[in-house]
Protein chains: 2
Amino acid sequence: MSARPLRPSDVEAWDAEADVVVVGHGIAGGAAAIEAAGAGAEVVVLERMTRGGGSTALSTGIIYFGGGTAVQRACGFPDSVEDMKAYVAMAAGAGADPERVELYCEGSLEHFEWFRGLGVEYEESFLDDKVTHPLTTHCLTFSGNEECWPFSEQVRPVPRGHKPQREGEAGGYLMEAVLAGTERAGASVVNECRVDRLVQAEDGRVVGVVGRRDRAPFAARARCGVVLTTGGFVMDREMLARHAPQLLACNYPVATDTDDGSGIRMGMAAGGEAVNMGEGLVLNAYYPPSSHLRGVFVDGRGQRFVNEDAYLGRTSAAILERADGRAFLVLEDAMHGRTQAFHKVAAVEESFEALGEALGMPPGALPVTMERYNRWAARGQDPLFQKHPKYLQPLVEPPFGALDCTTDGSIFGVFTLGGLSVTAHGEVLDPDGTPVPGLFAAGRCTAGLPREGRTYASGLSLGDASFFGRLAGRRAAAGPATG
Amino acid sequence: MSARPLRPSDVEAWDAEADVVVVGHGIAGGAAAIEAAGAGAEVVVLERMTRGGGSTALSTGIIYFGGGTAVQRACGFPDSVEDMKAYVAMAAGAGADPERVELYCEGSLEHFEWFRGLGVEYEESFLDDKVTHPLTTHCLTFSGNEECWPFSEQVRPVPRGHKPQREGEAGGYLMEAVLAGTERAGASVVNECRVDRLVQAEDGRVVGVVGRRDRAPFAARARCGVVLTTGGFVMDREMLARHAPQLLACNYPVATDTDDGSGIRMGMAAGGEAVNMGEGLVLNAYYPPSSHLRGVFVDGRGQRFVNEDAYLGRTSAAILERADGRAFLVLEDAMHGRTQAFHKVAAVEESFEALGEALGMPPGALPVTMERYNRWAARGQDPLFQKHPKYLQPLVEPPFGALDCTTDGSIFGVFTLGGLSVTAHGEVLDPDGTPVPGLFAAGRCTAGLPREGRTYASGLSLGDASFFGRLAGRRAAAGPATG
């Protein structure tokens, strides 16, 4: 299916017409629709699946909020906009956009209240555990590298991951509130409607979309603007091979089937530039249990390569880039538990020497590494990678086991962090930095707030998609009506 | 300056007209022009600088040839197309295009003869040294990772870097031959002519270019096709920040001022897709002298992270990705020589312990690393990184020094390896994989044969640009004339 835009004269009839046409009803699309409708625009949302929800509905529902939310205050974690900015600037990574960091942090308290206004409940509780998918009703967690070196050296650690007050994965609950919000705002929603191409006038202005619904062609005219919120491109293996070939080593896309880059391709075909396309978030979930953080990550050479207590996105990127996709988590028997990603035990031996041999490491390598780790851990120090003292414990009780954290033998989740180049207000930019008139985008089809997995924190993508989705919706609603 | 294409009706007058318009007169542009003219097309080449040459004229002039060239045979290095394919497939890296690898290797002997036909002389000699910029008249070198682990395990090592028979940097000499070839082929060349935008008809066909010459507007009509050979984008810091932010850490662009991505932006604006945009070749030239390969690379933690004898592109990428941009080359005094990149000595001490301390490494880290390295080196082995035995020698004679190979303290050369998505015949592809009619590209403004620095070999870019420049020129010449 070509993503090339059609001309208005190619469209025989418009099946729908609105001020703002939103493509995709995930968290970005819902946020855009609610805000556009709230600004007085007539809004139609076109969703490809039977019902909205997107990748957010498959997630834990954590959003990165801060600056002193009610939950942070109740749990005894004072936060400030300045502290949050300092951390988010690091978490957004190389290539981060300072304007986005600033707006996001300055608007975070209001954004939190906006979700509460949608009816999302948050418990005033803190989960004092190192988890990736908190399954209790607890709200606040350290969801990134806040407490981990080198971040902890730069900024005072404050937890900012906020999970809705529901057991299990709460992304579905969160999205129910957003979908209800879309309806309440008066936006009309057309489900099972696939958008394939934009409609672009000769002067470059995007004035609508075409696609298919119920096996019939479908066209929607946008008087003010089209907002693309179609998700990332991890499900299109060819697109991944062209733009981020190193992510092909990851075997478990964290995405819905619709994260096939369609919106990115449509936006590019209309003149938009796609940027940051080589970056993604990679996740090898070797914790919980948090006892695994007392273990020691070694590469196939028996060397350490990362602080084990860093956020998954950081350790997993390190496995790919520093350990050639070949890492093992060395554990004492008592530290070992079942991970959510069901890691296999690669070997169990009575000594580090035998363990290293069983894992095919250079002779003597693992004993040297472990002897040194143990010596320092006994003093509560990790001079190599500055792992937090609370996870430092010498490994002295045989047998010793090694968890298989290789790309061949374990689950590496992945989603993409590249997409359309947009202003903070969602205007899609061409390679000259000029907006494509009438075209907006938000969420994972854009290069948004988080730019790399090495620095990522859970809740940044949902936060980015919802916060900048709202801005995009408002800006689209304000666009000059085309008659 | 906007890169958005104009419509033919926007062009008041054509200052030049030809079957094929080539933009840029570096090695790709020259190769395209020569072949297009040879195929009977009327060709005009538009060059932005006073004279052609491009980045190639600033280079050593090494081209990656193989399959059994006259030089390889004379020097006693039998090669085959199959061996070359196996190696080039690895050297091209993740995301490499198998069709390109195949064509390049199968055509390599002919391509070598083509250069000899242009008058380029090659001495039948082999330079048995590890150098980055050979300055003698010797021809053949191991210009990549052929002899280095893990490549050497996979494919029989054969040298394939061919330098023209001129002392010093021979890229200028090579380009003189190409420029003369362009003229001899009957292509007309317009220097000091900057191309800013393509001219694209309503049906998507590219039919010309517009720009400026002598402070006046200039337009050239292309009856068959436009070939963009404008180089990479490393000189546009903003474009680098959008697409490859990690390369901003490199302080020395290996490029001419015109490598500002103009052709990539023009191609994108005409509907082409830019891919592989996050990748680049990074070069911290810590050798020659080859005695430096007897040294030991350690990161800021005092750990080794790469085999020191690998090609610069590989070791330098490792410094960025594995060593956080902070690496030191530990040397015995007798191993130390002056590098071409003028590395500073970070510290000199009487013991590894003192050296590690002077470099701010964790206590005891460097002695452990060096003790282990020395023990194995004495046996001619490097179980950790498989450095070639010829460079393994225990470091036992104090004082020991450390060369500063940090991104802050030394020279990191860089150029980009991303660009327009093209077929092997240079047809620019849109995000759907459909050619943009009338638009072709070759050289570093494309994502060509080499896709990553970690696997790169010297001579691949000049080889890629010239070989696929020729194919692009021929395909453009064959394009349907537009009247």
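Efficiency by 1/(1 + (r/R0)^6): what FRET value for A:LEU135 and A:ARG194, r their Cβ-Cβ distance, R0 = 60 Å, to the nearest 0.05? Calculated transfer efficiency: 0.95.
When the Cα positions of B:LEU462, B:PRO435, B:MET175 are compared along the charge dipole of chain B, B:PRO435 comes out farthest toward the positive end, with charges on each C-beta of Lys, Arg, Asp and Glu. Size descriptor for the stretch B:115-194, Kirkwood hydrodynamic radius: 14.6 Å (Cα pairs only, one decimal).
Each Lys and Arg contributes +1 and each Asp and Glu -1, all at the Cβ; summed about the Cα centre of the stretch B:108-262, the dipole is approximately 720 debye. Distance from the axis that maps chain A onto chain B is least for the Cβ of the chain A residue given, with the whole Å value, as A:GLY278, 1. Its Cα gyration tensor gives the stretch B:398-439 an equivalent ellipsoid, and the semi-axes of that ellipsoid, as √(5λ) in whole Å with the largest first, are 46, 9, 8.
Pair-distance distribution P(r) for the stretch B:282-321, from all Cα-Cα distances in 10 Å bins starting at 0: 31, 60, 9 percent.
Using the Kirkwood radius built from alpha carbon pairs, what does the Stokes-Einstein equation give as D for the stretch B:153-239 at 37 °C and 0.692 mPa s, in µm² per second? D, rounded to a whole number, is 193 µm²/s. When all alpha carbon pairs of the stretch A:258-397 are counted in 10 Å bins from zero, the resulting P(r) reads 11, 37, 29, 10, 9, 4, 0 %.
Taking the three principal axes of the alpha carbon atoms in the stretch B:340-446, the coordinate ranges are 66, 32, 27 Å, sorted in descending order.
By how many degrees, 0 to 90 and rounded to 10, does the Cα axis of helix A:365-377 deviate from the longest principal axis of chain A? Rounded to the nearest ten degrees, it is 90.
Take chain A and mark each of the GluC sites (Glu not before Pro) that is in a DSSP loop with at most 12 other Cβ atoms within 10 Å; the longest unmarked stretch, sites excluded, is A:13-166.
Each other copy holds its own label point for B:ALA358; taking that point as 7 Å from Cα along Cα to Cβ, the gaps run 4.4 nm, nearest first. Positive-end ranking of A:VAL101, A:ALA39, A:THR50 along the dipole of the stretch A:1-136, with charges on Cβ about the Cα centre, is headed by A:THR50. DSSP assigns beta bridges within the stretch A:341-483; of those with both partners inside it, close to 90 percent run antiparallel. Rounded to the nearest 500, the 222 nm mean residue ellipticity of chain B from helices alone is -8000 deg cm²/dmol, with -39,500 (n - 2.57) taken per DSSP H run of at least 4 residues. Once divided by 2.2 N^0.38 Å, the Cα radius of gyration of the stretch B:229-290 becomes 1.26. Placing pseudo-labels 7 Å out from each Cα toward the beta carbon at B:ASP257 and A:ASN374 gives an inter-label distance of 6.3 nm. Distances from A:ARG212 to itself in the other copies, using label points 7 Å out along the Cα-Cβ axis, amount to 4.9 nm in increasing order. For the stretch A:173-256, the dipole from Cβ point charges (+1 on Lys and Arg, -1 on Asp and Glu) about the Cα centre works out to 160 debye, to the nearest 20.
Charge dipole (Cα centre; +1 on Lys/Arg Cβ, -1 on Asp/Glu Cβ; no other charges) of the protein assembly as shown amounts to roughly 480 debye. In this structure, the pairs whose alpha-carbon distance is over 19 Å, taken from B:LYS130/B:LYS163; B:LYS163/B:LYS390; B:LYS163/B:LYS387, are B:LYS163/B:LYS390; B:LYS163/B:LYS387.
Geometric descriptor of chain A, per residue, is 129 Å³ (volume of the convex hull of the Cα atoms).
The C-alpha radius of gyration of the stretch A:19-167, expressed as a fraction of 2.2 N^0.38 Å, stands at 1.12. Distance between the modelled labels on A:GLU350 and A:GLU167, one decimal in nanometres: 4.5 nm (7 Å Cα→Cβ projection). Counting from the shortest, the label point at A:ARG237, 7 Å from Cα toward Cβ, is 4.2 nm from the same position in each remaining copy. Gain in length, A:ARG184 to A:ALA201, computed as 0.36 nm per residue apart minus the alpha-carbon separation, to one decimal in nm? Net length gain for the segment: 2.9 nm. The per residue volume of the convex hull around the alpha-carbon atoms of the stretch A:298-369 is 93 Å³.
Projected label points at A:LEU58 and B:MET1, each 7 Å from Cα along the beta carbon direction, are separated by 4.5 nanometres. Of interest is the spacing of the C-alpha centroids, which for the stretch A:380-441 and the stretch B:400-472 amounts to 26 Å.
Computed over the protein assembly as shown, the convex hull of the alpha-carbon atoms projects to a mean area of 37.4 nm². Entry for the stretch A:194-241 at q = 0.14, 0.18, 0.30 Å⁻¹: log10 I(q)/I(0) = -0.46, -0.70, -1.04, Debye formula applied to identical alpha-carbon scatterers, no solvent contribution.
Counting every C-alpha pair in the stretch A:416-476, the share spaced more than 16 angstrom apart comes to 39%.
Any read-out appearing in this document is the output of simple, stated calculations on the displayed coordinates, not a laboratory observation. Being a predicted model, the structure only gives us computed values, none of them experimental. So basically every Cβ, Gly included, is an ideal-geometry build from the backbone, and we count neighbours across all protein chains shown.
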